[in-house]
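*Asks:* One structure follows; several queries about it will come next.
The values are calculated or read from the model by the stated rules, or taken from the named source; none is laboratory data. Everything quoted here is computed from the prediction, not taken from an experiment. All Cβ positions, glycine included, derive from the backbone under ideal geometry; neighbour counts span all protein chains shown. Side chains included, ligands, DNA and RNA excluded: accessible areas come from the protein's heavy atoms. Shrake-Rupley method; radii C 1.70, N 1.55, O 1.52, S 1.80 Å.
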Amino acid sequence: MTAPAASRSWPFPGVVWGDYPEQPPHAGPRHQTRPLSDRKLQCFADAAAAVPVQPASGLPARLRALQQLPTDSDDWLLAAFAVASSAMSIALGYAPHRQQLLAARVLLDNRLVEMATGEGKTAAIALAAAVAALARTPVHVITANDYLAQRDAGQLRPFFALLGLRVDCVTQPLLADQRRLAYGCDVAYCTAKELVFDYLRDGMARTSDLSALEQRARRLSQPPEAPVLRGLCMAIIDEADTVLIDEARMPLVLSQGGGSQPQEAFHGGALALARQLAQGTDFLRRADGRSIELTPAGLRRISQWPVASHPLYGHRAHRQSALELALTALHVLRRDHDYVVREEQVQLIDETTGRAAPGRAWSQGLHQLVELKEELRPTQSNSTVTQITFQRFFPRYHRLAGASGTLGEARGELKAVYGLAVVVVAPRVPPRIVRLPDLVFPDSNRLWQAVAASVAQQRSTGRPVLVGTDSVAQSEALSRVLTGQAVAHRVLNARQDKDESELIAAAGSPGRVTVATSMAGRGTDILLSPEVLKSGGLHVILCQHNASLRIDRQFLGRAGRQGQPGSSQTLLALDFPLLQRWWPGWWLAWVGRLGCPAVLCWPTVRLAQARESFTQKKQRVTLSRVSAAQERELTFSRQQSQ
């Protein structure tokens, strides 16, 4: 159904917007009417901040008065902000400051807002969600993980309750009926992946896009089931760049079991042959470093693999693809970097957050090949039922917004793909960060020794230290060096992620040393005591070679939040995998012999980072184009069948 054209219309399920409101799949990026100018935004924030906090006894009358105003008027919007601000002050004990009011207003303009770490994105998002919910629009607030969804919904429940609004969260263990109740609230906190899979399941059950004959057949074969979601009315994404950029390189696939005994034997044969092949002679790694291509000599070796009687497994093209996947499992995917083995299971490591991701699996048999490589019993492989990408899913919302501390570097892609502009909200207090000189070391051994020395020096002054590493293996290598030098520390990686909120919350204690594989989407503030602030605040050491400067900034931004003192430094080694992927060994060895700070060290690092960033962007663009083409073909085939 076509949405009303009003610039500030508030979608909700019903006669006007339909029972399941969403934008057409091929609508592309949203191009809404001109948002508020910077001057008008500043004036609105000033006006909202000037409204005094009202007592709780006066809220019911103000809510009734709000219902008498048209929701598309400026008066209604200012009154809604005033009521929501008062409710937040009463329920949570603090009034939202001007920057939070400004950010919330930007979110209601279908835009993205960049706020520095510690400026209060959670409160700004809650304000925007409450105002939209007061206009009857169901709101999905998308967080980085189940823990944050549960935490935010619980902590903010008194705030929403004062406004007469219901809030709940959707987490992985919930059944369909429980999810339906949660999404039925005015505001639902959830993760992007849970939301997308619920949408795909709804799509499998819906019959609106089927022919009349198909609809009758569906109703006869199975009784209709109510959808879990109420449509895609409005979404506000926390850590928007993590979701829309970093996690948007793979499609989300809804699958069902389809494995068999012949398939297990087929994978075992592929892995056995792959172990006999030599790199450079039989196969080559492609430029992206993440996939394998057989050479003519390698293709000839396939004849040594006995042909299976099964028609699919005996097909040469399928055998070639399986052999290339087996080589990927052996030579590309690394234990404690791409996955961990926990409780006799292979669990993928989320590249962005550094957490283990139970339930996620590689497709096309790659997951089973990795299990066989680790000498585990292979799980049942799955067949794809339906799939979608974030690039195709999120533009289906009628209203879409988000917040993060690092959006500026990706503003072009965010605008082109999602139609979302970025507004930067200046921090309340200027930052007081001391940036120490960046250093590059010839190898990881010398890097970890230098990190341990820096940690010991900072810790001796009573300052807490946070160290970021690329992988589980790197965090444990640094941990061994710290232990050898009797430096007390805690490690947070995909092996030890159960108590992450407590570990991060305590990372600001005097002399505390925390080694973490990633900080993206951790969502827990590092609180510093007055004693720590006097000694210089938190010191952050970045030992991650990330794909972009934006991700570097996410980690380094943990120091000096809200104008506090702090310092940061980047220390890297030339034997890091990302550098080795983009530079030949002789070049890295030569640069390493020059020593740091040599003039060629940082150009070598930054160029590799730029090439990796470009490659990932190209993957996202390709994925989006393929997904769009698949949708067009599916739509055309259904139209032909009707």
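*Asks:* For the range 550-620, state the semi-axes of the equivalent ellipsoid (square roots of 5 times the eigenvalues of the alpha-carbon gyration tensor), sorted largest first and rounded to whole angstrom.
*Replies:* Over the Cα atoms of the range 550-620, the semi-axes work out to 26, 19, 8 Å.
*Asks:* Where does each of ARG620, ARG285 land when they are ordered by accessible area, with a 1.4 Å probe and the largest first?
*Replies:* ARG285, ARG620
*Asks:* Rounded to the nearest 10 Å², what accessible area does PHE266 have for a 1.4 Å probe in the complete protein model?
*Replies:* Accessible area, nearest 10 Å²: 20 Å².
*Asks:* A further question on this structure: Roughly how much of TYR20 is accessible, in Å² to the nearest 10, using a 1.4 Å probe?
*Replies:* Estimated to the nearest 10 Å², TYR20 gives 30 Å².
*Asks:* Please report the accessible area of VAL487 (heavy atoms, 1.4 Å probe, ligands and nucleic acids excluded) in Å², nearest 10.
*Replies:* 10 Å²
*Asks:* Tell me which of LEU162, VAL187, THR117 sits at the most positive position along the dipole axis of the range 94-189, charges placed on C-beta atoms (Lys, Arg +1; Asp, Glu -1).
*Replies:* It is LEU162, whose Cα lies furthest towards the positive end.
*Asks:* Show ASP19, ASP241, ASP525, ASP75 ordered by accessible area, largest first, where the area counts protein heavy atoms only and the probe is 1.4 Å.
*Replies:* Greatest to least solvent exposure: ASP19, ASP75, ASP525, ASP241.
*Asks:* Something else about it: What percentages make up the Cα-Cα pair-distance distribution of the range 67-126 when the bins are 10 Å wide from 0?
*Replies:* 21, 50, 26, 2
*Asks:* Percent relative contact order of the range 93-192, based on C-alpha pairs within less than 8 angstrom and at least six residues apart?
*Replies:* After rounding, I find 27 percent.
*Asks:* What is the spin-label model distance, in nm, from LYS534 to ALA505 if the labels are put 7 Å beyond Cα along the C-beta direction?
*Replies:* Computed distance between label sites LYS534 and ALA505 equals 2.5 nm.
*Asks:* Taking K and R as +1 and D and E as -1, what net charge do the other residues with C-beta under 15 Å from the C-beta of THR461 add up to?
*Replies:* Local charge sum for THR461: +3.
*Asks:* How would THR469, THR71 rank on accessible area, largest to smallest, probe 1.4 Å? Kindly include the intermediate steps, with their values, before the conclusion.
*Replies:* Values: THR469 0, THR71 55 Å².
Largest accessible area first, the residues go THR71, THR469.
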